[in-house]
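The values are calculated or read from the model by the stated rules, or taken from the named source; none is laboratory data. The model shown is predicted, which means the values in this text are computed figures rather than measured ones. In this analysis, Cβ positions are derived from the backbone assuming ideal geometry, glycine residues included, and neighbour counts consider all displayed protein chains. These accessible areas exclude ligands, DNA and RNA; they are computed on the full protein's heavy atoms, side chains included. Shrake-Rupley method; radii C 1.70, N 1.55, O 1.52, S 1.80 Å.
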Number of protein chains: 2
Amino acid sequence: MMKVFIGLVHFPVLNRRGERICSAITNLDIHDIARAATTYGVQGFFIITPSRGQQDLARRVSAHWIDGVGGQFNPDRKKAFDIVRVVADVNQAVKEVESDTGTRPALLATSARELPGCVSWENFEKRVYKNEFKCILLLFGTASGLHQECIDQCDGVICPICAGTDYNHLSVRSAVAIVLDRISRFRRQ
Amino acid sequence: MMKVFIGLVHFPVLNRRGERICSAITNLDIHDIARAATTYGVQGFFIITPSRGQQDLARRVSAHWIDGVGGQFNPDRKKAFDIVRVVADVNQAVKEVESDTGTRPALLATSARELPGCVSWENFEKRVYKNEFKCILLLFGTASGLHQECIDQCDGVICPICAGTDYNHLSVRSAVAIVLDRISRFRRQ
């Protein structure tokens, strides 16, 4: 069965003006994405930010739910936070996946924009079905999405979630949930 | 094409001890669900709470993004909030859907728990495919989910989102996104 890891990228991402920024961590991103990832059997959820202060913040939030009173109050949340890891950049996330699994993951970007050469969902489904991927690391951008230099670093980019309207402004929390549900369906078929 | 409406229920719902409560509105629920609903062409998103104070809060948040500086800053968010409506209870939501569409919607509950007689996703897909539903109003519970008296009021309840693990603790924001994506797929087939 294909192993799935996900990374939530805070740098390099775009702001609303298309400029390269480092975004701030959103507490609810960690909760919602950790819960969805655990529900779908994801092996690891990387919070990716080079900012030491933001790394400390993410670790402090996680510790509250793993070792602190949060975990005592809500053991389900503790289980979700168990898969959260904080890393400085995408390379470090790739290295950790390699170290865990013995396999270099296929590094796949996601985007709400139709990018040249993006892999359609139909094609991605066929490739998962044919067991082409032993292990994938899916990257999701915060703010207004992944910067091109992050996308260029990937092995491929998956086409936007098509929903049959001209409006496509999902929160990253919703996008992760939908992508994991689709992939789970492909793996079960 | 089947019309889809959704309702986010704050009363009657369950707390962690299984008691009947009225939950507080979560700002990010409104944002995330309005964005997902607009992305998937949902016709209306009802915030359901009998509390006048909470209704006022939900309307104030919406007004900020529709008529206030929020909408000027972010026109995409304005479009998402355009489908938000605040009502006191499920009956009022049903009446508004009837008034909009001329059809009484099939009232469908969702649940993270396997309830007796719940409609499987496979069965639901077939029924959508056969155009059995002209219009549906999907109810999602906040806190620890819909109270039984709300479920009893519905025409049916859809089985939990199955993800192949024994962990099933999605946020309501994630659950709405996944359910809308699945239904969108059924409608396109």
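Normalised by 2.2 N^0.38 Å, where N is the number of residues, the C-alpha radius of gyration of segment B:107-187 stands at 1.04.
Counting Lys and Arg as +1 and Asp and Glu as -1 over every other residue whose Cβ lies under 14 Å from the Cβ of A:G70, the net charge comes to +4. In terms of its C-alpha gyration tensor, segment A:1-147 comes out oblate, because a/c is 1.5 or above while a/b does not outweigh b/c. Chain B contacts chain A over a buried accessible area of about 3100 Å², both sides summed; the probe is 1.4 Å and only protein chains count. For chain B, the relative contact order works out to 31 percent when only alpha carbon pairs closer than 8 Å and six or more residues apart are counted. Taking a ≥ b ≥ c as the square roots of the Cα gyration tensor eigenvalues, segment A:24-106 comes out oblate, since a/c reaches at least 1.5 and a/b does not exceed b/c. Per residue, segment A:86-189 exposes an accessible area of 44 Å² to a 1.4 Å probe, with every protein chain left in place. What you get for chain B, charging only the Cβ of Lys and Arg (+1) and of Asp and Glu (-1), is a dipole of about 340 debye around the Cα centre. When Rg and the Kirkwood Rh are both derived from Cα coordinates, the Rg/Rh ratio for segment A:92-153 amounts to 0.98.
Other protein chain C-beta atoms within 10 Å of residue C-beta, averaged over A:70-81: 1.
For the protein assembly as shown, the fraction of 1.4 Å probe accessible surface lying on carbon and sulfur atoms is 48 percent.
Residue by residue along A:174-183, Cβ atoms of other protein chains within 10 Å of the local Cβ number 6 on average. Counting, for every residue in B:40-47, the Cβ atoms of other protein chains within 10 Å of its Cβ and taking the mean gives 2.
How much net charge surrounds B:T101 when only other residues with a Cβ under 13 Å from its Cβ are counted (Lys, Arg +1; Asp, Glu -1)? Here the count lands on +1. Across all Cα pairs in segment B:21-71, the calculated P(r) in 5 Å bins from zero up to the longest distance comes to 5, 18, 26, 27, 17, 6, 1 percent per bin.
Put a plus charge on the Cβ of each Lys and Arg, a minus charge on the Cβ of each Asp and Glu, and nothing anywhere else: the dipole of the protein assembly as shown about its Cα centre is then about 180 debye. Highest mean packing comes first when the peptides A:141-152, B:14-25 are listed by Cβ atoms within 10 Å, giving A:141-152, B:14-25. Only Cα pairs under 8 Å and 6+ residues apart enter the sum, and on that basis the relative contact order of segment A:1-65 stands at 41 percent.
If I take R0 = 30 Å and measure r between the Cβ atoms of B:A88 and A:N131 in this structure, what FRET efficiency does the formula 1/(1 + (r/R0)^6) give, to the nearest 0.05? Result of the calculation: an efficiency of 0.05. Could you let me know the centre-to-centre spacing of segment B:1-21 and segment B:146-167, using Cα atoms, in angstrom? Cα centroid of segment B:1-21 versus Cα centroid of segment B:146-167: 10 Å apart. Among residues other than A:V179 with Cβ under 14 Å from its Cβ, the summed charge is +2 (Lys and Arg +1, Asp and Glu -1).
Packing, as the average of other Cβ atoms within 10 Å across residues, places the peptides B:81-91, A:99-109 in the order B:81-91, A:99-109, highest first. By the beta carbon rule, with partners counted only under 4.7 Å, the protein assembly as shown holds these lone Cys residues: A:C22, A:C135, A:C150, A:C154, A:C162, B:C22, B:C135, B:C150, B:C154, B:C162. Each other copy places its own label point for A:A88 at 6.0 nm from this one, sorted shortest first, where the point lies 7 Å along the Cα-to-beta carbon line. Expressed as a fraction of 2.2 N^0.38 Å, the value expected for a compact globular protein of N residues, the C-alpha radius of gyration of the protein assembly as shown is 0.97.
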